[in-house]
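A.B. asks: One structure follows; several queries about it will come next.
The values are calculated or read from the model by the stated rules, or taken from the named source; none is laboratory data. All values derive from a computational prediction rather than experimental measurement. We place every Cβ from the backbone using ideal geometry, glycine too, and count neighbours over all the protein chains shown. Accessible surface is based on the protein model in full, side chains and every heavy atom, while ligands, DNA and RNA are left aside. Shrake-Rupley method; radii C 1.70, N 1.55, O 1.52, S 1.80 Å.
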Amino acid sequence: MQSAKNIVILTGAGVSADSGVATFRDAGGIWAQYSIEEVATPDAFSRDPEKVHGFYNMRRAGLAGVEPNAAHFALARLERELAARGGRLTLVSQNVDDLHRRAGSENILAMHGALAEALCQFCRHVVPWTEDLSAETQCPDCGSARGMRPNVVWFGEVPHHLDAIAMALAEADMFVAIGTSGAVYPAAGLVAEARSLHIPCVELNLEPSDNARLFTDRRYGKASEVVPEWVEDVLKG
Ligand code: APR
Ligand code: ZN
């Protein structure tokens with residue numbers, strides 16, 4: 001096991017699956033029940049804001065009572081231990097739940113935003129948000145109604161933190177992808193970027209992802225089991 005000091009880890013819905021959070025593309029997943037075009041694009045929001053609010057209100061409510069699992073806690077531990085050794089863990093998450101933060105991770109780049117925040121389309125302020133949103137919700141900062149939306153990145157929008165992600169990857173000794181199908185870019189392109197830097201690329205997933213062949217190492221199984229074991233091996237490395 002290579003010992004690494006600067007690691008970039010990309011997580012997807014699979015890291016939260018063992019906490020009971022639905023994934024998107026597994027059988028019966030979110031996109032088997034809802035249409036992306038109807039609930040997860042800017043056009044959907046301008047066409048039928050209440051439908052989009054209903055979708056995210058349901059997902060926000062679904063996170064109530066959900067707890068981080070052993071995978072989230074293992075990644076928070078790895079961040080602390082790497083920092084103690086003068087290294088750095090950059091956690092690039094596609095997830096909009098707050099389970100990494102609640103497990104103690106700090107250096108998180110939430111590239112698809114966060115369900116626990118709302119964005120005003122008029123004043124662009126982002127505010128913590130735990131209630132239901134509706135088209136009538138007034139912005140607490142500028143007072144406008146009809147402008148509040150969940151602070152999540154929709155299909156067709158530019159993900160957050162792309163520069164910070166590129167900078168972290170450029171300094172990384174290792175890239176790891178956990179619980180992601182490799183179906184959505186630019187996140188799914190990070191492993192190719194990491195391969196071009198000639199660093200080890202590890203996939204930790206329930207099953208081979210769409211770009212499994214690009215990884216140099218891989219372990220398959222439930223994240224709440226595989227991730228703590230892998231962290232233990234990295235720290236012993
Ligand atoms: N442990 C580990 N991996 C798991 C588990 C588990 N318990 N359960 C499922 N997986 C794996 C699946 O095998 C799959 O490869 O997690 C992956 C989940 O893939 P998706 O459902 O496509 O989720 P994700 O990759 O995060 O989707 C990326 O697509 O819809 C957009 O914005 C959304 O951020 C999301 C993005
Ligand atoms: Zn506002």
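A.B. asks: Which one is nearest to VAL226 (Cα to Cα), of the residues in segment 8-24 that are of a type in the set (Ser, Thr, Tyr) and open to solvent by 10 Å² or more (accessible area, probe 1.4 Å)?
C.D. replies: Taking the candidates together, the pick is SER19.
A.B. asks: I'd like the full set of residues that are open to solvent by 20 Å² or more (accessible area, probe 1.4 Å), outside any loop (DSSP other than H, G, I, E, B) and under 15 Å from VAL15 (Cβ atoms), limited to segment 206-237.
C.D. replies: Within segment 206-237, ARG219, TYR220, SER224, GLU225, PRO228, GLU229 qualify.
A.B. asks: Determine whether ALA32 is without any contact (Cβ under 8 Å) to a residue 24 or more places away in the chain and aliphatic (A, V, I, L, M).
C.D. replies: yes
A.B. asks: Identify, please: which residue in segment 48-70 is farther than 15 Å from SER134 by Cα and within 18 Å of the chain's Cα centre (by Cα) and is, among those, most open to solvent (accessible area, probe 1.4 Å)?
C.D. replies: Restricting attention to segment 48-70, the residues satisfying the condition of being farther than 15 Å from SER134 by Cα are 62-70.
Narrowing further to those that are within 18 Å of the chain's Cα centre (by Cα): 62-64, 66-70.
Numbers: GLY62: 50, LEU63: 38, ALA64: 77, VAL66: 14, GLU67: 105, PRO68: 20, ASN69: 14, ALA70: 46 Å².
If we take residues in segment 48-70 being farther than 15 Å from SER134 by Cα and within 18 Å of the chain's Cα centre (by Cα), then GLU67 is most open to solvent (accessible area, probe 1.4 Å).
A.B. asks: Is one or more of the residues making up segment 115-133 modelled with pLDDT of 95 or more, at positive phi and either assigned to a loop (DSSP other than H, G, I, E, B) or open to solvent by 40 Å² or more (accessible area, probe 1.4 Å) (or both)?
C.D. replies: So far as segment 115-133 goes, yes, one or more of its residues are modelled with pLDDT of 95 or more, at positive phi and either assigned to a loop (DSSP other than H, G, I, E, B) or open to solvent by 40 Å² or more (accessible area, probe 1.4 Å) (or both).
A.B. asks: Additional query: Would you point out which residue out of PHE73, PHE45 is of a type in the set (Phe, Trp, Tyr), open to solvent by less than 50 Å² (accessible area, probe 1.4 Å) and at pLDDT 95 or above?
C.D. replies: PHE45 is the lone residue from the list that is of a type in the set (Phe, Trp, Tyr), open to solvent by less than 50 Å² (accessible area, probe 1.4 Å) and at pLDDT 95 or above.
A.B. asks: Right, something else. Here is a check on your reading of the model: is GLU203 within 24 Å of GLY87 (Cα to Cα), touching a strand residue (DSSP E or B) at 6+ places or on another chain (Cβ under 6 Å) and surrounded by fewer than 14 Cβ atoms within 10 Å (Cβ to Cβ)?
C.D. replies: Taking the combined requirement at face value, the residue does not satisfy it.
A.B. asks: Going through segment 157-204 one residue at a time, which ones are of a type in the set (Ser, Thr, Tyr) and closer than 22 Å to GLY14 by Cβ?
C.D. replies: Once the filter is applied, which keeps residues that are of a type in the set (Ser, Thr, Tyr) and closer than 22 Å to GLY14 by Cβ, segment 157-204 yields THR180, SER181, TYR185.
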